[in-house]
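Colleague: Structure below; questions to follow.
The values are calculated or read from the model by the stated rules, or taken from the named source; none is laboratory data. Bear in mind that the values here come from a model prediction, so they are computed numbers and not experimental data. Neighbour counts are summed over all protein chains in view; Cβ atoms, including those assigned to glycine, are modelled from backbone coordinates with ideal geometry. Keep in mind that these areas ignore ligands, DNA and RNA; they rest on the heavy atoms of the full protein, side chains included. Shrake-Rupley method; radii C 1.70, N 1.55, O 1.52, S 1.80 Å.
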Amino acid sequence: PPPNPPLPPSLTPASTTTTLTNSKNTHKRSAAGKQWVDPNLAQFPANDNRLFIGNLAKDIKQEALLELFQAKYPSTVMATIVHEKHNFKSKGYGFVSLMDPMEAARAVRQMNDVFLGSRPIKVKRSDWKERDLGVVKKGLRQKKQKRGRR
């Protein structure tokens, strides 16, 4: 059989272990009643303006996504496409990180429904921060306090 394809940089064992052992870069997540540590979030710059990019064709590469946004928005620093763990096929969505909030807002308006490859991409603000465990717990505390005031 052919050799296994190389792991993407975000999934190599060395980068995963460093991220998990460095508590500063560890991100605890919570969604659908489950909690987990997400090592991939440590790759993104701090205080970035992250955009969710959906409806990506399966053959689109990260470089093409990055080039598309860097051509119009100079503050674009990173793009990533999410892949399945067992076969590394694209899941059809990804994220783009911009440092300038005004450029990020403009990108949401201007890049939505722009064709990349064979499909029009869907662009919206990412909600990754709302899934951070600290934010989720804070929201739950605030809901309890509101109920207690009634």
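Colleague: What are the residue pairs meeting all of these: first residue in segment 83-95, first residue on the phi < 0 side of the Ramachandran plot and acidic (Asp, Glu), second residue surrounded by 14 or more Cβ atoms within 10 Å (Cβ to Cβ) and not in a loop (DSSP other than H, G, I, E, B), Cβ atoms under 7 Å, and 6 or more apart or on different chains?
Modeller: Once the first residue is on the phi < 0 side of the Ramachandran plot and acidic (Asp, Glu) and sits in segment 83-95, no partner that is surrounded by 14 or more Cβ atoms within 10 Å (Cβ to Cβ) and not in a loop (DSSP other than H, G, I, E, B) comes close enough.
Colleague: Continuing with the same structure: If a residue has to be open to solvent by 40 Å² or more (accessible area, probe 1.4 Å) and small (Gly, Ala, Ser) to count, how many in segment 71-94 make the cut?
Modeller: Total meeting the criteria: 1.
Colleague: Among the residues of segment 45-70, write down those that are open to solvent by 60 Å² or more (accessible area, probe 1.4 Å) and farther than 16 Å from residue 121 by Cα.
Modeller: 46, 47
Colleague: In segment 39-150, which helices (runs of 4 or more DSSP H) lie fully inside it and hold 1 or more residues that are small (Gly, Ala, Ser) and at pLDDT 90 or above?
Modeller: Working: elements: 62-72, 101-111, 133-149.
Output list reads 62-72, 101-111.
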